[in-house]
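Take a look at the structure set out below.
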Amino acid sequence: MSLPLPARLGYAPRMPADDSTLLSSKGLRVSVPGRVLVDELELTLSRGEFVAILGRNGTGKTLSLLTLSGLRRPDAGDVLLAGKNIATLRRQQVARELALLPQDTEDIFPATVLDTALVGRHPHIARLRWESAADHDIARASLATVGIDDLAERDVLSLSGGERRRLGIAQILTQAPEIYLLDEPTNHLDPQHQLDTLRVFRRAADDGAGIIASLHDVNLAARFADRCLLLYGDGRWELGAVDDVLNETRLEKLYATPMEAVNWREGRLFVASGATTAQST
């Protein structure tokens, strides 16, 4: 995979260059009936930063991403996009700055792969206007970035799960935001494409974007992220640099299973033993 096209087209950030904060939350609470999942979350996403969200199933990773995107109302607190409350902004305005990759995508109607990627350009297109030649160039380059440019004329309904996932990634690259919120971006992907996908977003972060991604693989988080947000599912959370928060003790509490750090090359691999422990309180 190569770098996403927007950077190569001379894409310029639309937010003030002297402000490194792209997205932040203040006192954010995420809950479901009868249970607080995340409480008083204070998170700041800066330019050039990749934050990985880790936690067991049901601890609020998806709901937190939906809340940060403005698609779900927080139970308390605020989400700020470029210093403005996201709830007060028009969705088209939000979509120009922020893209959300959902866990799964369902296609109801037939469409080509290229047309599906072009949906990412809609926040940038005025009403009653068609996509321009430049929009098509961006979409085709995004398809090339994820390695499916040869499928541009294929019906999206004919794609495999992994191909469809890569198309979803191409669509948000076509959107060309400054913030990417990714819900399990490696879902449905084989090991090589998992690595390729996270390399794309690591490079996007290095180019000035802000990335928040929920992941199930601790080792991928350790390899690509700058910071990790650990969600325990009972309101508690921890946020810190990868080297500070990813250790056997914290991960055992996070996943309720013994974890062992194994030396590998010049780093560490975390391996679950398979034995289940009681969730720490």
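Read-outs throughout are calculated quantities, based only on the coordinates presented, and are distinct from any laboratory measurement. The shown structure was predicted, so the numbers you read here are calculated from the model rather than taken from an experiment. We place every Cβ from the backbone using ideal geometry, glycine too, and count neighbours over all the protein chains shown.
Along the axis of the charge dipole computed for the chain (Cβ charges of +1 for Lys and Arg, -1 for Asp and Glu, origin at the Cα centre), the listed residues LEU215, CYS228, PRO110 are led at the positive end by PRO110. Ranked by the mean number of other Cβ atoms within 10 Å per residue, highest first, peptides 161-167, 39-45 order as 161-167, 39-45.
Full extension of the chain between ALA133 and GLU40 yields a length gain of 28.9 nm, computed as 0.36 nm times the residue separation minus the alpha carbon distance. Ranked by the mean number of other Cβ atoms within 10 Å of their residues, highest first, the peptides 59-65, 183-189 come out as 59-65, 183-189. For the chain, the convex hull spanned by the alpha carbon atoms encloses 146 Å³ per residue.
Angle of helix 191-206 to the longest C-alpha principal axis of the chain, folded into 0 to 90 degrees and rounded to 10: 80°. Here's the picture: charge each Lys and Arg Cβ at +1 and each Asp and Glu Cβ at -1 in the chain, and of GLN192, SER24, LEU151 the one pushed furthest to the positive end of that dipole is SER24. Size of the stretch 148-281: Rg and Dmax of its alpha carbons, in Å, are 17.0, 53. Computed from point charges on the beta carbon alone (+1 for Lys and Arg, -1 for Asp and Glu), the dipole magnitude for the stretch 103-184 about its Cα centre is near 220 Debye.
Counting only Cβ charges, +1 for Lys and Arg and -1 for Asp and Glu, the dipole size of the chain around its Cα centre is about 560 debye. For the stretch 14-99, the average shadow cast by the Cα convex hull is 5.8 nm², which is a quarter of the hull's surface.
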